[in-house]
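The values are calculated or read from the model by the stated rules, or taken from the named source; none is laboratory data. In this text the structure is predicted, and so the values were computed from the model without any measurement. No Cβ is skipped: glycine too gets one built from the backbone with ideal geometry, and neighbour counts run over all protein chains shown.
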Amino acid sequence: MKWLRFVAVAIVLLLGARAIEREAWIPYRLNLIKKQVEASTTAVFPVADRMAVALVARHNLEQLAPYRRACATDVDLWMETAASDRLLGRADDAIAAYQTALTIERRPEIFFNLGITQLGSGHRPEAIDNLARALRFNPQAGYIGDAVLSAEIVRRIQQTSSH
């Protein structure tokens with residue numbers, strides 16, 4: 001019977017270790033990686049060298065990829081993924097990542113970035129809808145430099161708030 005108790009204790013310890021890894025260690029590691037990815041993404045945005053930008057973005061995606069399943073509900077994981085996809089010019093992948101982020105949390109900056117990405121990839125009606133959502137949530141969510149686009153967004157906000 002001692003061996004049965006030993007096996008039971010071993011199983012409990014293994015399950016506990018796995019739970020600690022899943023609930024604490026993996027999210028902790030992801031937070032460290034997200035900080036690095038955010039810093040490198042911010043640093044590379046003003047860089048004109050497309051090759052350097054692509055290298056950083058690919059590296060970011062490689063760093064984030066292992067966590068997509070284990071931390072699928074981490075909204076910042078999807079935001080950082082989308083930002084790196086945008087840097088690589090992969091608008092459809094960025095749009096999908098922003099949409100995933102929105103299923104987790106509906107934040108103005110997600111709607112804004114999704115709208116800007118959609119606008120850049122030729123999805124103007126969807127872009128206007130998402131930019132209007134962002135600015136309805138938070139008028140300071142982002143700057144729209146195009147007067148015609150800004151007027152369309154204001155009209156959309158007024159239409160949706162009158163219904």
With respect to the numbered conditions (1) more than 18 Å from GLY120 (Cα to Cα); (2) assigned to a helix (DSSP H, G or I), which one is the sole condition not fulfilled by ARG69? (2)
Of the candidates ALA48, ALA52, the one satisfying the condition of being small (Gly, Ala, Ser), part of a loop (DSSP other than H, G, I, E, B) and either at pLDDT 75 or above or under 21 Å from the mean Cα position of the chain (by Cα) (or both) is ALA48
Look at the range 55-74 and say how many of its residues are exposed (fewer than 13 other Cβ atoms within 10 Å of the Cβ), closer than 18 Å to GLN99 by Cα and modelled with pLDDT of 90 or more. 3
Any residue that is without any contact (Cβ under 8 Å) to a residue 60 or more places away in the chain, within 18 Å of TRP25 (Cβ to Cβ) and small (Gly, Ala, Ser) - is there at least one of those in the range 59-67? yes
If I filter the range 100-119 for residues that are farther than 25 Å from ASN60 by Cβ and charged (D, E, K, R), do I get at least one hit? no
How about the range 79-104: which of its residues are among the acidic types (Asp, Glu) and in contact with a helix residue (DSSP H, G or I) (Cβ under 8 Å, 6 or more places away or on another chain)? GLU80, ASP85, ASP93
Out of the residues in the range 82-101 meeting the condition of being out of contact with any Phe, Trp or Tyr (no Cβ under 6 Å at 6 or more places or on another chain) and without any contact (Cβ under 8 Å) to a residue 24 or more places away in the chain, tell me which one is surrounded by the most Cβ atoms within 10 Å (Cβ to Cβ). TYR98
